[in-house]
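The values are calculated or read from the model by the stated rules, or taken from the named source; none is laboratory data. Keep in mind the model is a prediction, meaning the values are calculated, not measured. When we count neighbours, we look across all protein chains shown, and the Cβ atoms used for this are built from the backbone with ideal geometry, even at glycine.
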Amino acid sequence: MVTVGSDVGVGFLDLDDVSDEDLELREQAHRIARDVLRPAASELDRMEPEARILPGSPFHEAMSQLKQLGFHRLFLAPEYSGLPTTVSAIGQAMVLEELGWGSLGLTTSFLTDMLPFVSIALFGGDRLKADVLEPWIEDVDGRFRGCWAITEPDHGSDFLSLREYAGVEIPRGQLVAERSTDGWVLRGQKSAWVSSGPVATHAAVHAQCGSSGDLIHGLYAVVPLEVVGVRKGRPADMLGVRDDPQGEIYFDDVFVPDENVLISSDPFYMVFGDQLLCLTSSTLAPVAVGLARAAFEEALVHARSRVQGGRPISDHKNIQLTLYSMFEKVETARAYSRRVYEHVRRASLVGLNGESGQDSIQRGGASPRHARAAQIFTKRCAFEVAHDAVQVCGAFGLSRDSLTEKLFRDARCLMIEDGTLEVLGIDAARDLVSNYESSEYGIEEVMAQW
Ligand SMILES: Cc1cc2nc3c(=O)[nH]c(=O)nc-3n(C[C@H](O)[C@H](O)[C@H](O)COP(=O)(O)OP(=O)(O)OC[C@H]3O[C@@H](n4cnc5c(N)ncnc54)[C@H](O)[C@@H]3O)c2cc1C
């Protein structure tokens, strides 16, 4: 049984100035979300974790189709994207919303897939670009696939709450990089929640430098995973986002050459980490808006057709008010998240404005509290709207035959993915208290917080 839900079209007013190119891109993203992501996500949702990653599974087909349409080039500068100009920030946010509308899990996988390769575009040398980035750009068969290996069994929220450790002992990581001739040797493991981990060929890895170090003194490297010493755990079996294969990665003395290490020196590593989290927060926000909109539309379509008390339930005032409140959340979440998305793209390490990755880190200008606010607000809206959608749909909303049931489970996972709401909030609050007057961040400002 494949449950793809309703498609009421892109039925909202564009309050932003958008170009014809942006609209065309959104239309393409909407089509693939409706025709490919939703059916694939529905099938994957009912499959056993191991079966979801086998060759020929709907997961691989969906990823291939996204790449065939070139969506993996979304964040790349024109020299790599093959497009005449960089896609505008609003255009990117629109695409992310449509993909999130199609499937949170597949979109999460697709975004984490990009991270090692986009990082190479920004920070890598010529050989990495030729041997890894360019083949990944051309590949549509899944020969190159990425993931982001940051959290560890003992360190989930710790990576986000480092500001809290100011003045107290900072935790030691579980993945340690020891210096060796011309490179580093990795020992340890990452958590069972790494999105795309079970299918990835390359990981963007955070590791602590030296066994006597701590989480703040680390490196960020692109590590090939099909080498001796890398092992993977079983794919996780989760409540939601079951269309995103998650799993742990073990590193048993894995050698990483210097050229694969993109960021290693203090204080760049921490500034980079701070700015990277601004980037991931602002990227997940439009995806969350897409999920919220999907839930709102499911409820609206159901309320218009379901007759109780002799009339469609959408005639009842309580249902009307619930639908309005859902709409209000989707609209405000979209408006705020787009503003923040534009800000982070302009201010942070995107390097899309012709600036090198290293230069834009030095500038380090994206505002953590605004990026976290976008993520927290949109995730909360997505959960509240999905929760209301279940109520509007009644028992049907609890049934596995409805898309609403899946959206609700996915929205619940979203409140933990990429940082729990609480820890994101605590991190934003610390930034707010310390830096409210400052709108520009640089290395000194970020380092002053540790
Ligand atoms: C769908 C999904 C996708 C994911 N994808 C990836 C991925 O691609 N790569 C990756 O590396 N990881 C990934 N993760 C892991 C994710 O980043 C972590 O789950 C998240 O950061 C929370 O960490 P944790 O699960 O270990 O919870 P914990 O850190 O154990 O937190 C448990 C509870 O304690 C609270 N808490 C923890 N620390 C503090 C504190 N200092 N102050 C106050 N309260 C605190 C939390 O708010 C939470 O309620 C993913 C997770 C999910 C659910």
Please work out which one of (1) within 28 Å of Gly240 (Cα to Cα); (2) more than 15 Å from the ligand (Cβ to nearest atom); (3) at pLDDT below 95 is the condition Ser161 fails and give its number. (2)
Counted residues in the range 140-152 being part of a loop (DSSP other than H, G, I, E, B) and more than 8 Å from the ligand (Cβ to nearest atom) come to 6
Of the residues in the range 195-222, those that are in contact (Cβ under 8 Å) with a residue 60 or more places away in the chain and within 23 Å of Asp139 (Cα to Cα) number 9
Condition first: within 15 Å of the ligand (Cβ to nearest atom) and either part of a strand (DSSP E or B) or of a type in the set (Lys, Arg) (or both). Now tell me which residues in the range 225-248 satisfy that. Lys232, Arg242, Gln246
Expected output for the range 141-152 (first residue farther than 7 Å from Ala204 by Cα, partner away from the ligand (no atom under 16 Å from the Cβ), Cβ below 6 Å, 6+ apart or cross-chain) is Gly142/His60; Phe144/Pro135; Phe144/Trp136
Gln275 passes all but one of (1) buried (at least 22 other Cβ atoms within 10 Å of the Cβ); (2) within 16 Å of the ligand (Cβ to nearest atom); which number fails? (2)
Spot the failing condition for Glu97; the list is (1) within 21 Å of Gln275 (Cα to Cα); (2) of a type in the set (D, E, K, R); (3) buried (at least 16 other Cβ atoms within 10 Å of the Cβ), and only one is missed. (1)
For the range 81-129, which positions are more than 21 Å from Leu23 (Cα to Cα) and among the small types (Gly, Ala, Ser)? Gly105, Ser109, Ser119, Ala121, Gly124, Gly125
Note on the range 409-424: residues assigned to a loop (DSSP other than H, G, I, E, B) and free of Cβ contacts under 8 Å to residues at least 40 places away in the same chain are Met415, Ile416
Flagged pairs (Cβ under 7 angstrom, 6 or more apart or on separate chains; first in the range 318-339, under 23 Å from Leu284 (Cβ atoms); second aliphatic (A, V, I, L, M) and not in a helix (DSSP H, G or I)) are Ala335/Leu15
Looking at the range 384-394 only, could you name the residues that are in contact with a Lys or Arg (Cβ under 8 Å, 6 or more places away or on another chain) and surrounded by fewer than 23 Cβ atoms within 10 Å (Cβ to Cβ)? Glu384, Gly394
Mind listing just one residue for me: the one in the range 107-123 that is more than 12 Å from the ligand (Cβ to nearest atom) and not aromatic (Phe, Trp, Tyr) and, of those, surrounded by the fewest Cβ atoms within 10 Å (Cβ to Cβ)? Leu122
Going through the range 201-219 in order, the residues found to be part of a strand (DSSP E or B) and either of a type in the set (D, E, K, R) or closer than 16 Å to Glu248 by Cβ (or both) are Ala203, Ala204, Val205, His206, Ala207
Of the criteria (1) under 23 Å from Leu128 (Cα atoms); (2) in contact with a Pro (Cβ under 6 Å, 6 or more places away or on another chain), which one Glu226 fails: (2)
Residues to consider are Val176, Val185, Val222; find the one that is touching an Asp or Glu at 6+ places or on another chain (Cβ under 9 Å), in a strand (DSSP E or B) and either modelled with pLDDT under 95 or more than 14 Å from the ligand (Cβ to nearest atom) (or both). Val185
Taking the criterion of being at pLDDT below 95, β-branched (Val, Ile, Thr) and not assigned by TED's automatic domain parsing to the domain that holds Asp253, would at least one residue in the range 136-151 satisfy it? yes
Look through Ser64, Ser81, Ser103, Ser88 and report the one residue that is hydroxyl-bearing (Ser, Thr, Tyr) and either closer than 22 Å to Thr3 by Cβ or touching a strand residue (DSSP E or B) at 6+ places or on another chain (Cβ under 6 Å) (or both). Ser103
Just for the range 188-217: of the residues that are in contact with a helix residue (DSSP H, G or I) (Cβ under 8 Å, 6 or more places away or on another chain) and at pLDDT below 95, which one is farthest from the ligand (Cβ to nearest atom)? His217
Out of the residues in the range 127-156 that are under 23 Å from Leu106 (Cα atoms) and small (Gly, Ala, Ser), which is farthest from the chain's Cα centre (by Cα)? Gly142
Looking only at the range 10-46, count how many residues are outside any helix (DSSP H, G or I) and in contact (Cβ under 8 Å) with a residue 12 or more places away in the chain. 9
Of the residues Ser399, Ser360, which is of a type in the set (Ser, Thr, Tyr) and at pLDDT below 95? Ser360
For the condition of a type outside the set (S, T, N, Q), at pLDDT 85 or above and more than 22 Å from the chain's Cα centre (by Cα), what is the one hit in Gly394, Gly425? Gly394
Could you say whether any residue in the range 249-265 is modelled with pLDDT under 95 and either over 24 Å from Gly419 (Cα atoms) or within 16 Å of the ligand (Cβ to nearest atom) (or both)? yes
Quick check: anything in the range 55-71 assigned by TED's automatic domain parsing to the domain that holds Thr85, over 26 Å from Trp193 (Cβ atoms) and not in a loop (DSSP other than H, G, I, E, B)? yes
